[in-house]
Amino acid sequence: MERKVKYDYAFKLECVKLVLEKHYSCNYVSTQKGLNESNIRKWVGFYSQYGDIGLLPRKNRSYSVNFKLKVLKAIDKDLLSLRDSSIKFNIPDSGIIVKWKKDFANFGLVGLHPKTRGKPKSMNTNKRKKRKSDKPLTREEELLLENEALRCENELLKKLQALIQAEEKARKRKP
């Protein structure tokens, strides 16, 4: 199943060709096509760097810690912008790099490690029913259990009696 993309390949290529071949400005093309100028700049950059493949939609990728660190060091060392660094390292969205920078600033190298996604594999054991122990109950514990059982039985009988009375009342109302 293919990913749903906002702009298809043909539309991106058309916008890039207007900028590169017809020498229109990115601002002009963006107003003509009704989209953000930064998208066109990004597409032109990817097309210039990687050709037709640069405009194709990319699947979700996972990046290694070394690659993330390499990108962040290159940004600091070469003073690259987010767009330039995403084009240079073939990262589809500069927001990914922003997240890496934030994680690295907050947690250091540990923040760049991949996070586990989804529901945890082991379920929480706190919700399980308590196991019965092998040792016999004391007399006091036996009486408490019997007392609880009698209370439950008493409540059940009261509710049953109330239900019977309600039905009899309803029958008397309808002659």
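The values are calculated or read from the model by the stated rules, or taken from the named source; none is laboratory data. In this text, all values refer to a predicted model and were calculated from it rather than measured experimentally. Positions of Cβ are generated from backbone atoms using ideal geometry, with glycine treated the same way; all protein chains shown enter the neighbour counts. Ligands, DNA and RNA are excluded from the accessible area calculation, which covers all protein heavy atoms including side chains. Shrake-Rupley method; radii C 1.70, N 1.55, O 1.52, S 1.80 Å.
The residues of the chain have, on average, 85 Å² of accessible surface per residue, using a 1.4 Å probe with all protein chains present. Could you compute the FRET efficiency for L56 and Q32, with r as their C-beta to C-beta distance and R0 at 22 Å, rounded to 0.05? Computed FRET efficiency for L56 and Q32 comes out at 0.40. Which whole-number percent gives the relative contact order of segment 37-120, counting Cα pairs below 8 Å spaced six or more residues apart? This gives 27 percent for segment 37-120. Rolled with a 1.4 Å probe across the full set of protein chains, the surface gives Y9 an accessible area near 70 Å².
Could you work out what % of the accessible surface of the chain is carbon and sulfur, using a 1.4 angstrom probe and leaving DNA, RNA and ligands out of the count?
Values: 7990 of 14810 Å².
Roughly 54 percent of what the probe reaches on the chain is carbon or sulfur.
For the pair D8 and A166 in one chain, pulling the backbone fully straight at 0.36 nm per residue adds 50.1 nm over the alpha carbon distance.
GNM on the chain, alpha-carbon springs under 10 angstrom: the most fluctuating residue among K88, K159, K68 is K159.
Ranked from the most accessible area to the least, with a 1.4 Å probe and all protein chains present, what is the order of C15, C152? Before the final figure, lay out each step's value.
On the way: C15 0, C152 75 Å².
Correct descending sequence by accessible area is C152, C15.
Measuring only protein heavy atoms, the 1.4 Å probe finds F11 accessible over about 50 Å².
Relative to the longest principal axis of the chain, what angle (0 to 90°, nearest 10) does the C-alpha long axis of helix 139-173 take? With both axes taken from Cα atoms, the answer is about 90 degrees. Ordering R58, R41, R139 by accessible surface, largest first, gives R139, R41, R58; the 1.4 Å probe counts only protein heavy atoms, with every chain in place. Accessible area per residue was computed with a 1.4 Å probe on protein heavy atoms; E14 scores about 90 Å².
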